[in-house]
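Visitor: Right, I'll just put the structure down here and ask away after.
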Amino acid sequence: MIRTDEHHSCNGTLKCHSDQKQQESNSLKNGYHRKETVQKNGKGDGFHQPRVRGEDSFEEAPMYVAVLTYMGYGIVILFGYFRDFLRAVGLEKCHQAQEREEQKDFVPLYQDFENFYKRNLYMRVRDNWNRPICSLPGPVFDVMERVSDDYNWTFRLTGKTVENVINMGSYNYLGFAENNVDFLKTVAEETRQYGVGVCSTRQELGNFSIHEKLERLVAEFLGVESAMAFGMGFATNSMNIPALVGKSCLILSDELNHTSLILGARLSGATIRVFKHNNMQSLEKLLKEAICSGQPRTHRAWKKILIMVEGIYSMEGSLVRLPEILALKKKYKAYLFLDEAHSIGAVGPTGRGVTEHFGVDPNEVDVLMGTFTKSFGATGGYIAGKKELVDYLRSHSHSAVYATAMSPPVVEQIIRAIKCIMGVDGTTEGQRRVRQLSENMCYFRSRLKEMGFIVYGNQDSPVVPLLLYLPGKVGAFSRAMLKRKIGVVVVGFPATPITEARARFCVSAAHTREMLDKVLQSLDELGDHIRVKFSRHRPSHRQELYNETDFELDS
């Protein structure tokens with residue numbers, strides 16, 4: 001159990017109960033291709049042949065690109081202040097919410113400066129987000145056409161639909177977001193048996209047998225003692241971290257961690273220190289200081305030191321340096337919280353995440369976290385590890401105590417996806433999808449680099465960020481791609497550094513080679529048209545920091 005009062009306490013040595021029944025094999029055809037012979041896709045014990053970790057790519061843009069990017073933001077900000085002046089004198093209509101005249105002496109509800117960016121920068125490109133989808137979010141989808149008559153403050157639907165748009169933005173890594181009736185028979189059966197809503201928490205009247213079945217299957221899939229499922233992926237982090245650490249504890253967080261991890265750390269009341277992304281020297285420096293200096297003022301030893309990292313960083317496409325972090329964790333007697341939201345199902349020879357990818361025993365990670373919202377085509381998340389840890393969270397986690405239990409049809413969707421990946425459904429469809437995803441993301445990433453784009457991330461990551469840099473090109477890129485019937489996600493400040501606006505592609509096993517070739521052809525043409533092929537194949541200074549180590553890895 002990780003909630004202890006001593007810094008060097010053990011995480012527990014309880015073994016899995018041998019009398020637990022194994023999950024029965026399901027002979028239903030859950031794939032979307034032909035049924036094949038039965039082949040179980042390996043055991044979830046984490047002891048696979050480790051792969052050599054490819055270096056993360058963070059190529060630097062030419063200096064003129066950074067200068068033009070800052071100039072672009074400067075010009076937009078100047079025009080923003082000018083338009084605010086016009087609104088103040090009544091020459092331009094202000095569409096934003098404001099206090100009423102009789103409330104002018106009150107403390108303002110809407111801070112003018114805080115909303116400046118949204119009012120004058122975001123509104124210019126707001127049409128590139130929140131587009132309404134009216135079909136299955138599979139490899140292709142349909143988008144409802146909309147227009148704005150007031151410069152993106154409001155939208156109206158035209159009644160037309162843009163059909164068969166290639167989906168390059170959803171986290172549908174293994175293609176389980178599907179609606180084929182033959183594949184969803186078990187989901188329909190569970191819906192008829194249990195209904196859709198549970199209307200109670202797990203601790204009251206919402207603990208169904210199907211929930212326990214899912215948790216046993218997740219633990220078996222991951223190769224750990226126990227697991228617990230939650231109804232929301234974001235809350236799996238934000239509501240469980242406060243149950244694991246508190247005051248007099250120290251959290252060492254990667255600077256690019258997801259907002260859910262950051263919120264959970266803040267809610268815990270623990271001291272938070274941030275280390276540079278994937279930089280082992282920065283992490284070790286903080287660990288040394290924590291051990292030597294202890295808590296501020298009192299200099300007492302920290303009750304716990306928790307390292308928080310992600311398997312795949314969703315905005316950078318980079319992989320965690322797991323073997324090195326585990327070496328540091330053991331050396332300084334810290335705990336490790338690993339968020340595998342984007343890596344579980346998508347990484348590893350049989351889809352069991354970064355622990356399998358690096359050939360690491362999953363039991364060496366104190367807290368394994370993941371979500372069902374991406375590779376499994378459902379909702380929710382899980383926490384897995386020692387049985388002692390999971391039992392503690394069942395009674396102390398806010399998500400476990402207060403949140404409504406997961407919907408049974410959603411639970412069954414997760415079960416059928418995991419069984420398909422494991423091969424216990426009687427097919428090799430899951431293994432085929434994992435291989436197809438690996439082929440697709442390597443092909444897509446390598447072709448983008450050949451075209452001259454700056455692409456961030458690791459070669460084994462299904463998240464492929466393409467750098468656009470200049471703010472004016474972000475909106476133009478997204479609109480032009482939609483005209484070519486390709487749906488993309490574009491991201492800018494404050495979600496990224498101000499000079500690193502980008503388009504983020506998410507590759508899926510459901511993408512055919514023809515789809516990827518069409519996307520690549522459109523990107524090649526558009527890249528020349530709006531001039532975003534900035535690559536000069538210069539390695540970033542970030543990579544030089546990765547190789548400076550003064551600790552030894554386990555042999």
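Visitor: Using a cut-off of 26 Å between alpha-carbon atoms, which lysines can reach Lys533, once sequence neighbours fewer than 8 places away in the same chain are excluded?
Guide: The qualifying lysines are Lys449, Lys473, Lys483, Lys485, Lys518.
Visitor: So, one more: Over its Cα atoms, what ratio of radius of gyration to 2.2 N^0.38 Å does the range 357-398 give?
Guide: 1.34
Visitor: Highest mean first, how do 79-89, 370-380 rank when packing is the count of other Cβ atoms within 10 Å averaged over residues?
Guide: Per-residue Cβ counts within 10 Å, averaged per peptide and sorted highest first, yield 370-380, 79-89.
Visitor: Moving on to the next point. Count the lysine pairs in the range 88-205 whose Cα atoms sit under 29 Å apart, keeping only pairs 8 or more residues apart in sequence or on different chains.
Guide: Lysine pairs, 8 or more places apart or on different chains, close enough: 4.
Visitor: Please list, ordered by chain and number, the residues whose modelled amide H lies under 5 Å from the amide H of Phe275; skip anything fewer than 5 residues away on the same chain.
Guide: Close amide H contacts, sequence-distant or interchain: Ser253, Asp254, Glu255.
Visitor: Then there's this: Could you give the dipole magnitude of the chain about its Cα centre, charging the beta-carbon of Lys and Arg +1 and that of Asp and Glu -1, in debye to the nearest 20?
Guide: So the magnitude is around 440 debye.
Visitor: Past 26 Å, Cα to Cα, is the threshold; run Lys247/Lys276; Lys213/Lys387; Lys213/Lys374; Lys331/Lys374; Lys304/Lys386 against it and keep the listed order.
Guide: Lys331/Lys374
Visitor: Check Gly175: other-chain or 5+ apart residues with amide H under 5 Å from its amide H, H built from backbone geometry?
Guide: Ala509, Ala510
Visitor: Taking θ = phi - 60°, what integer Hz values does the Karplus form 6.51 cos²θ - 1.76 cosθ + 1.60 yield along the range 452-469, in sequence order, with x for Gly and Pro?
Guide: Here the 3J(HN,Hα) series is x, 7, 8, 10, 8, x, 9, 5, 9, 9, x, 8, 10, x, 10, 7, 10, 6 Hz.
Visitor: Let's test the formula: R0 of 22 Å, r as the Cβ-Cβ distance of Asn164 and Glu439. What FRET efficiency results, to the nearest 0.05?
Guide: 0.40
Visitor: With no solvent and one equal point scatterer placed on each C-alpha of the chain, evaluate the Debye formula and give log10 I(q)/I(0) for q = 0.07 Å⁻¹, two decimals.
Guide: Rounded to two decimals, the profile gives -0.44.
Visitor: Taking 0.36 nm per residue of separation and subtracting the Cα-Cα distance, what length does fully extending Cys199 through Leu267 add?
Guide: Gain on stretching Cys199 to Leu267: 21.8 nm.
Visitor: Only Cα pairs under 8 Å and at least 6 apart count here; give the relative contact order of the range 181-422 as a rounded whole percent.
Guide: The value is 30 percent.
Visitor: Using a cut-off of 9 Å between beta-carbons, work out the net charge of the residues near Met308 (Lys and Arg +1, Asp and Glu -1, Met308 not included).
Guide: Residues close to Met308 contribute a combined charge of -3.
Visitor: Can you list residues whose amide H is under 5 Å from Leu336's amide H, if they're 5+ apart or on another chain and H is modeled 1.01 Å from N?
Guide: Ile307, Asp366, Val367
Visitor: Ok, one more. Please report the antiparallel percentage of the DSSP beta bridges confined to the chain, to the nearest 5.
Guide: Taking every DSSP beta bridge within the chain, about 60 percent pair in antiparallel fashion.
Visitor: To continue, here is another question. Would you compute, for the Cα atoms of the range 181-422, the largest minus smallest coordinate along each principal axis and list the three values in descending order, in whole Å?
Guide: Largest to smallest, the principal-axis extents are 59, 38, 29 Å.
Visitor: Hey, can you rank 326-339, 454-467 by average C-beta count inside 10 Å, highest first?
Guide: 454-467, 326-339
Visitor: Where Lys and Arg each count +1 and Asp and Glu each count -1, what net charge lies around Lys485 among other residues with Cβ under 9 Å from its Cβ?
Guide: Taking every Cβ under 9 Å from that of Lys485, the sum is +2.
A short reminder: the numbers here are calculations on the coordinates, not readings from a lab. Predicted, not measured: the structure shown is a model, and the values here were computed from it. In this analysis, Cβ positions are derived from the backbone assuming ideal geometry, glycine residues included, and neighbour counts consider all displayed protein chains.
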